[in-house]
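*Asks:* Below: one structure in C-alpha cells.
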Amino acid sequence: MPKVEIYEFLAQKQAWIQKHLAEQEVQLTQRLVLAEGHEVMFFGKPRRIKVILASSRPKIEITDKSLLIYSKSSEPGDLERHFNKWLKEQASEYMTTQTIKTARRLGVEHKLKDVVFRKTKTKWGHCQSDGTIQYNWLTMMAPKPVIDYLIAHECSHLVHMNHSKAFWQTVNSVCPDYRNLKDWLTTYGHRFWTV
C-alpha cells in the first residue's frame, strides 16, 4: 500500500485511535498492585494487603477486610508469586466444584473431561472440543455472580461449541443476568492484572 494511502487512513481514523489509546492508558493506571497497603479484590470484595515478614513457609490468610501475606520478602515479584499460587488454589476449589455442578445441571457432565487453570492474556475462560474447560484464576477477584456467569458460559459450550442463539439461550437458562455480568467482566476485568 502506498504511504500516502496509509497516512490518509491514519488521518481519517485519528479520533478513533486517540480514544482507544486514552482508554488503554486509563486501564494501565488501574491495574492491580500487590504491595503493602494496596487493595486486592477477592470474590469482588476489596481487602487491604498486609505483608507480614515471616521465616516460615509463605502463606496467605484472608479476613473480612484484609489479605495477609506471610512471606520472607516484601519484594513485589515474591508477593505476586505467593498471591497467584494462593488465588489459583482458591479458583481450583471453587470453580472446579461449580463447573461440575453447572455441567450436571445442563445434563452434560459426561462431556466434561477436565477443569484446568492458566493465566492467559486474552481469555477468562475457554472450552476445548475434548471437554476440557480452562479458566484464568484471576477471575476469582471478580464478584461471585461474574465468576458464575463465566462458568455458565464455558459449560454451555459443552452443549454448543459456538456463540449461536441456541448457545446464549443455554447460558440464559443457567444465568439469566448474563448480559450484565458479561459487560461487567469486559469493563472491569483489566483491574485484575498486575503491572
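The values are calculated or read from the model by the stated rules, or taken from the named source; none is laboratory data. Since the structure is predicted, the reported quantities are computational estimates derived from the model, not experimental observations. Neighbour counts are summed over all protein chains in view; Cβ atoms, including those assigned to glycine, are modelled from backbone coordinates with ideal geometry.
*Asks:* Within region 52-102, take every residue that is in a helix (DSSP H, G or I) and of a type in the set (S, T, N, Q) and give me the one that is farthest from Leu34 (Cα to Cα). Can you show your working first?
*Replies:* Taking region 52-102 and keeping what is in a helix (DSSP H, G or I), we get 76-102.
The next check asks that each one be of a type in the set (S, T, N, Q); those that pass are 84, 90, 92, 96-99, 102.
On the way: Asn84: 10, Gln90: 17, Ser92: 21, Thr96: 26, Thr97: 28, Gln98: 28, Thr99: 29, Thr102: 32 Å.
Checked region 52-102; the qualifying residue farthest from Leu34 (Cα to Cα) is Thr102.
*Asks:* Within region 109-146, track down each residue that is of a type in the set (Val, Ile, Thr) and either part of a strand (DSSP E or B) or closer than 16 Å to Asn162 by Cα (or both).
*Replies:* Within region 109-146, the subset of a type in the set (Val, Ile, Thr) is 115-116, 120, 122, 132-133, 139, 146.
Residues satisfying the conditions are Val115, Val116, Thr132, Ile133.
*Asks:* Considering only region 16-24, I want to know if a residue exists there that is at pLDDT 85 or above and charged (D, E, K, R).
*Replies:* First pass over region 16-24, keeping only residues at pLDDT 85 or above: none.
No: region 16-24 contains no residue that is at pLDDT 85 or above and charged (D, E, K, R).
*Asks:* Additional query: Those residues that are assigned to a strand (DSSP E or B) and hydrophobic (A, V, I, L, M, F, W, C), I need them from region 35-51; list them, please. Give the derivation first.
*Replies:* To start, the set of residues in region 35-51 that are assigned to a strand (DSSP E or B) comprises 39-42, 45-51.
Those that are assigned to a strand (DSSP E or B) and hydrophobic (A, V, I, L, M, F, W, C): Val40, Met41, Phe42, Ile49, Val51.
*Asks:* Surrounded by 18 or more Cβ atoms within 10 Å (Cβ to Cβ), within 15 Å of the chain's Cα centre (by Cα) and of a type in the set (Ser, Thr, Tyr) - does that describe any residue in region 132-142?
*Replies:* First, pick out the residues of region 132-142 that are surrounded by 18 or more Cβ atoms within 10 Å (Cβ to Cβ): 133, 135-142.
Of the ones still in play, those that are also within 15 Å of the chain's Cα centre (by Cα) are 133, 135-142.
Subsequent filtering for residues that are of a type in the set (Ser, Thr, Tyr) retains 135, 139.
So far as region 132-142 goes, yes, one or more of its residues are surrounded by 18 or more Cβ atoms within 10 Å (Cβ to Cβ), within 15 Å of the chain's Cα centre (by Cα) and of a type in the set (Ser, Thr, Tyr).
*Asks:* For Thr99, which of the numbered conditions (1) more than 25 Å from Trp86 (Cβ to Cβ); (2) at pLDDT 95 or above; (3) polar (S, T, N, Q); (4) within 18 Å of the chain's Cα centre (by Cα) fails to hold?
*Replies:* Among (1) more than 25 Å from Trp86 (Cβ to Cβ); (2) at pLDDT 95 or above; (3) polar (S, T, N, Q); (4) within 18 Å of the chain's Cα centre (by Cα), the lone unmet condition for Thr99 is (1).
*Asks:* Here's another thing I want to ask about it. Give the residues of region 104-158 that are among the aliphatic types (A, V, I, L, M) and either under 20 Å from Gln169 (Cα atoms) or in contact with a Pro (Cβ under 6 Å, 6 or more places away or on another chain) (or both), sorted by residue number. Steps first, please.
*Replies:* From region 104-158, those among the aliphatic types (A, V, I, L, M) are 106, 108, 112, 115-116, 133, 138, 140-142, 146-147, 150-152, 158; that's our starting set.
Leu106, Val108, Leu112, Ile133, Val146, Ile147, Leu150, Ile151, Ala152, Leu158, listed by residue number.
*Asks:* Being in contact (Cβ under 8 Å) with a residue 40 or more places away in the chain and assigned to a helix (DSSP H, G or I) is the filter; apply it to region 153-172 and report the residue that is surrounded by the most Cβ atoms within 10 Å (Cβ to Cβ). Don't jump to the end; show me each part of the working.
*Replies:* Filtering region 153-172 for residues in contact (Cβ under 8 Å) with a residue 40 or more places away in the chain gives 154-156, 158-159, 170.
Subset that is assigned to a helix (DSSP H, G or I): 154-156, 170.
Working: Glu154: 25, Cys155: 29, Ser156: 27, Thr170: 21.
So the residue we want is Cys155.
*Asks:* Can I ask one more? Which numbered condition trips up His126, out of (1) in contact (Cβ under 8 Å) with a residue 24 or more places away in the chain; (2) more than 23 Å from Thr187 (Cβ to Cβ)?
*Replies:* (2)
*Asks:* Given the criterion farther than 22 Å from Lys144 by Cα, without any contact (Cβ under 8 Å) to a residue 60 or more places away in the chain, of a type in the set (Asp, Glu) and loosely packed, with under 15 Cβ neighbours inside 10 Å, identify the matching residue among Glu75, Glu61, Glu89. It would help to see each step written out before you state the result.
*Replies:* Working: Glu61 fails: farther than 22 Å from Lys144 by Cα; Glu89 fails: farther than 22 Å from Lys144 by Cα.
Matching residue, one of Glu75, Glu61, Glu89: Glu75.
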